[in-house]
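The block underneath contains the structure these notes are about, expressed in structure tokens.
The values are calculated or read from the model by the stated rules, or taken from the named source; none is laboratory data. Source: prediction; values computed, not measured. Positions of Cβ are generated from backbone atoms using ideal geometry, with glycine treated the same way; all protein chains shown enter the neighbour counts. These accessible areas exclude ligands, DNA and RNA; they are computed on the full protein's heavy atoms, side chains included. Shrake-Rupley method; radii C 1.70, N 1.55, O 1.52, S 1.80 Å.
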Amino acid sequence: MARNSVILAGLMMLVATPAMAQNLLDPHPLAGVVDELRIGLHAHDVHHAALPFSVNQWRLNQIEDISFDLLFTSPDLDVFRWMGSPRPEVGATLNLGGKDSMAHLGLTWQLPIFETPVYLEGTFGAAIHDGALTGAAPGRKNFGCQVNFYERFGVGMHVSDNVTATLTYEHTSNNGWCQANDGLSNFGLRLGWKF
């Protein structure tokens, strides 16, 4: 019952968001600063690994995470152009089922696939969490470090000039640098509204 309520609330949020985003687009209040706002719905803890190759081992039965991401315009600086003009971003993935949530910041690169609306995407940065370092309660993670690495990989599409849809696999862990290293990976769909 609780899971169905979470899914229903997430779907209602996704349906209502385009109207809210349209109000943000006209007039453009953050011109030149904010590039895109994303909201998503995700399966929680689908796998422990950073790279999503073992798809046949994924657990997709806990769709209970929502995400919010704010992607900024790539700064007009030589160092950013040298790195391929990534967009700085800040975001959070919140678990509505009483499990671990995280907030993250990083840089997001987007690579168009030829002259199509399809793109590949990668984000690298750091994340903090509300979980345990060690001694976690059942169903929760032992993250080891308070701040861990954050990676996100995606395949997306420009649905229109102002709307994107991106299937993403996000992961946080510490690469074995702390006493514990339970990885957390979520998989889902992020809908974006570009400014």
- Item | Alpha-carbon radius of gyration plus Dmax, which is the widest Cα pair, for segment 41-93 in Å | 15.9, 45
- Message: Suppose every Lys and Arg Cβ carries +1 and every Asp and Glu Cβ carries -1, with no other charges. What dipole size does segment 81-152 come out with about its Cα centre, to the nearest 20 debye?
- Response: 160
- Task: Grab the other residues whose beta carbon is less than 10 angstrom from that of SER173, score K and R as +1, D and E as -1, and report the net.
- Result: -1
- Query: Dipole of segment 47-99, Cα-centred, from +1 at each Lys and Arg C-beta and -1 at each Asp and Glu C-beta, to the nearest 20 debye?
  - Reply: 200
- Item | Extension gain (nm, one decimal) between VAL90 and VAL55, 0.36 nm per residue minus Cα-Cα | 9.9 nm
- Label-to-label distance, nm, for residues given as VAL118 and LEU77 (7 Å Cα→Cβ offset): 3.5
- Dipole of segment 52-152 [Lys/Arg +1, Asp/Glu -1 at C-beta], most positive-end residue of TRP109, PHE124, LEU94: LEU94
- Probe 1.4 Å, heavy atoms of protein chains only: per residue, the accessible area of segment 56-173 in Å² is 51
- Query: Using alpha-carbon positions, what is the distance between the centroids of segment 159-195 and segment 49-120, in Å?
  - Reply: 4
- Task: Calculate, axis by axis, the spread of Cα positions in segment 63-107 along the three principal axes, and write the results as whole Å, longest axis first.
- Result: 43, 13, 13
